[in-house]
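The values are calculated or read from the model by the stated rules, or taken from the named source; none is laboratory data. All figures in this text were calculated on a predicted structure; none of them were measured in a lab. When we count neighbours, we look across all protein chains shown, and the Cβ atoms used for this are built from the backbone with ideal geometry, even at glycine.
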Amino acid sequence: MIQFTRPGFLVSGLIKIQEALAAGRLSGDGPFCRTTEKLLETELGTRRALLTTSCTHALEMSALLLDIAPGDEVIVPAFTFVSTVNAFVLRGARPVFADVRPDTLNLDEERLPQLVTPRTKAIVPVHYAGVGCEMDAITAIAKGCGAAVIEDNAHGLYGTYRGKMLGTIGALATQSFHDTKNFTCGEGGALLVNDPHFVERAEIIREKGTNRSRFFRGQVDKYTWVDVGSSYVLSDILAALLLSQLEARHEIQQRRARIWNRYATELADWAASLGVRLPTVPAHCEQTFHMFYLLIPGARRSAFIDHLKARDVQSVFHYQPLHLSPMGIAHGGTAGSCPVTERVADELVRLPLYNELTEHDQGVVIDAVRSFR
Ligand SMILES: *Cc1c(COP(=O)(O)O)cnc(C)c1O
């Protein structure tokens, strides 16, 4: 069976883990954490990158930083992973579900103005598949209503929008290093703090509400409890593993680009003949080759998945529309309110795409896809 995904692995990861173990500093915020954070800060140009235990936790930190409270509204795409919205619901916010664009499947900026109210506290665009959302329009709308923009950039590390790195446009942004993502340490994430005004408090929230980071820098002579917070620091062993992958980012992204481009080229005629849609990447966006998906019309998706399975190829779909989930309905979601999300959730299939997918195995996938009529 050709698997749909496999976590990336490099021998350099083993070496770095060994180094971390030998250094005897396994908890969070150790030397590997700092090196990895510096690498992200330099390459992205963000004010502060803080490694976290997951993207979910980085989103939770964002909600704490914005003082999200009951009565606040947070606009999220209906087509995303649950953490994008859960982090804010945890603080008592009301989620407001926005539909996505039919081309990129990103939050539809044209639908935003009608969803904004005086209670809108944040807008959370997700750069789906690592293709940038229309950030100029989203930023302007957020400015107009005084809401913060938090980019859920779980798919988009090293992608760009009009020349700007994804994850550096909103006040805050979140990354995921879960083992399904381009770069991984198993479970992990990062909070990118672009607005300098949040830096100090972000460090405090990540360190259980203490000023421990300032203590380590010698800025205070003892550390103490100063704010709310939780335990969001990533172990140095995992930071070491993550560093090995980020250091190999060019090679990893080149491999993924080669795989992605081959799918796009070799499936184009087949897709056109069946009315299947392939991903759209606008010219002003550099994507991250995080996923290759197909939109299969006419209620034929499960037949397609079965067809691939019979040829030993695993394919998967996602996301169930959030506004129609039990929690979404409890928060006022109604059928028909996000028609594009509702349609693509029934049509989307993801093909195998991972760093170590071989040319041979990709050929098997392509043959299996093209024999579906
Ligand atoms: C993977 C993912 C997350 C959650 O990442 P974790 O690191 O597993 O918490 C959040 N949002 C999106 C869009 C994701 O794809």
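Away from the ligand (no atom under 15 Å from the Cβ), among the polar types (S, T, N, Q), modelled with pLDDT of 95 or more and assigned to a helix (DSSP H, G or I), is that true of T139?
Numbers: away from the ligand (no atom under 15 Å from the Cβ): yes; among the polar types (S, T, N, Q): yes; modelled with pLDDT of 95 or more: yes; assigned to a helix (DSSP H, G or I): yes.
Criteria met by T139.
All of (1) more than 14 Å from the chain's Cα centre (by Cα); (2) surrounded by 22 or more Cβ atoms within 10 Å (Cβ to Cβ); (3) in a loop (DSSP other than H, G, I, E, B) hold for H155 with one exception: (1). Residues that are crowded, with 18+ Cβ neighbours inside 10 Å and assigned to a loop (DSSP other than H, G, I, E, B) within the range 92-107 comprise A93, D99, R101, T104, L105, N106, listed in sequence order.
Taken over the range 109-125, the criterion of being assigned to a loop (DSSP other than H, G, I, E, B) and either among the small types (G, A, S) or out of contact with any helix residue (DSSP H, G or I) (no Cβ under 7 Å at 6 or more places or on another chain) (or both) is satisfied by T117, P118, R119. Does R214 satisfy the criteria of being away from the ligand (no atom under 16 Å from the Cβ), among the basic types (K, R), outside any loop (DSSP other than H, G, I, E, B) and at pLDDT 95 or above? No; evaluated as a whole, the condition is false for this residue. In the range 60-112, the residue that is farthest from Q175 (Cα to Cα) out of those that are of a type in the set (D, E) and away from the ligand (no atom under 11 Å from the Cβ) is E110.
Which one is nearest to the ligand (Cβ to nearest atom), of the residues in the range 49-59 that are closer than 13 Å to E207 by Cβ and among the aliphatic types (A, V, I, L, M)? Filtering first and then ranking leaves L51.
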